[in-house]
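Chemist: Sending over a structure as structure tokens; questions will come in a sec.
Read-outs: derived from the displayed coordinates by stated rules, not from any lab. The shown structure was predicted, so the numbers you read here are calculated from the model rather than taken from an experiment. Neighbour counts run over all protein chains shown; Cβ positions are idealised from the backbone, glycine included.
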Amino acid sequence: MFRVGFGNDIHRLADGKPLILGGVLIESEKGAVGHSDADALTHAVTDAILGALALGDIGSHFSDKDERWKNADSFVFLRVAVGLMKEKGFKVVNVDSTISLETPKLRPFIDAMRENLANALEVEISCVSVKAKTGEKVDAVGKSEAIRAEAVIFLESI
Ligand code: MG
């Protein structure tokens, strides 16, 4: 049996905030604003797993009103989702994702993000794709007001 899931996330950018994507701290003038560490890519992948299994969304499991998740490492959320997935009898086949960010260029950080995600998802790095693009200077991404991440995940029963 197979399941497919989709996740999408957006965070506002602000000066002086850290920018963390796929668990990698990226040198950047602006960082993402959020209750947790605001790792949009990891949030999108977590939501994709939850979506594949119709288990709600990241907000229903980890409320942004909950003090426990203030500045939390988003890999905590991802690992919980992976645990739920395994309880349901599924494993990851592959994940594909896209980050939309105007600046900085993310290429030097992509493989480190893939490695972190692959470790948490318990798959080979070849099963994890992370792509990056800009917002072409239009919309909130293009104007450097926001970062967006989207992920699709494919699961198969164990
Ligand atoms: Mg988020």
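Chemist: When Lys and Arg each count +1 and Asp and Glu each count -1, what net charge do the other residues less than 10 Å away from LEU155, Cβ to Cβ, add up to?
Modeler: Net charge around LEU155: +2.
Chemist: Taking K and R as +1 and D and E as -1, what net charge do the other residues with C-beta under 12 Å from the C-beta of ALA72 add up to?
Modeler: Taking every other residue near ALA72 into account, the sum is -3.
Chemist: Which pairs in the list LYS70/LYS105; LYS30/LYS137; LYS105/LYS137; LYS70/LYS133 are over 26 Å apart, alpha-carbon to alpha-carbon?
Modeler: Checking Cα-Cα distances, LYS70/LYS105; LYS70/LYS133 exceed 26 Å.
Chemist: Right, something else. Kindly express, to the nearest 10 degrees and within the range 0 to 90, the angle between helix 40-52's C-alpha long axis and the longest C-alpha principal axis of the chain.
Modeler: So the inclination is approximately 30 degrees.
Chemist: Which aspartates and glutamates have a Cα lying under 18 Å from the Cα of LYS143, excluding residues fewer than 8 positions away in the same chain?
Modeler: ASP9, ASP15, GLU29, GLU102
Chemist: Also, quick follow-up: Count neighbours as other Cβ atoms within 10 Å of each site's Cβ, and list the trypsin sites (Lys or Arg not before Pro) in the stretch 1-75 that are DSSP loop with at most 12 such neighbours.
Modeler: Passing both the DSSP loop test and the Cβ count: LYS65, LYS70.
Chemist: Let me ask something else. If you take the square roots of the eigenvalues of the alpha-carbon gyration tensor of the stretch 2-157 and sort them as a ≥ b ≥ c, do you get rounded (a/c under 1.5), prolate (a/b over b/c) or oblate?
Modeler: prolate
Chemist: Could you list the GluC sites (Glu not before Pro) in the stretch 54-158 that lie in coil according to DSSP, counting only those with at most 15 other Cβ atoms within 10 Å of their Cβ?
Modeler: Sparse-neighbourhood loop GluC sites (Glu not before Pro): GLU122, GLU124, GLU136, GLU145.
Chemist: Count charges around ALA132 for me, please; just the other residues with Cβ under 9 Å from its Cβ, Lys/Arg as +1, Asp/Glu as -1.
Modeler: Around ALA132, the charge tally is +4.
Chemist: For the stretch 24-96, rounded, prolate or oblate, judged on the Cα gyration tensor with a ≥ b ≥ c (square roots of eigenvalues), a/c < 1.5 rounded, else prolate if a/b > b/c?
Modeler: Note, shape of the stretch 24-96 comes out oblate.
Chemist: Please give the Cα centre distance for the stretch 25-88 versus the stretch 97-153, rounded to the nearest Å.
Modeler: 15 Å
Chemist: Right, another one. Where both residues lie in the stretch 2-157, what percent of DSSP beta bridges are antiparallel, nearest 5?
Modeler: Expressed as a percentage, antiparallel bridges in the stretch 2-157 total about 80.
Chemist: Give the angle, between 0 and 90 degrees and rounded to the nearest 10, that separates the Cα long axis of helix 74-87 from the longest principal axis of the Cα atoms of the chain.
Modeler: 20 degrees
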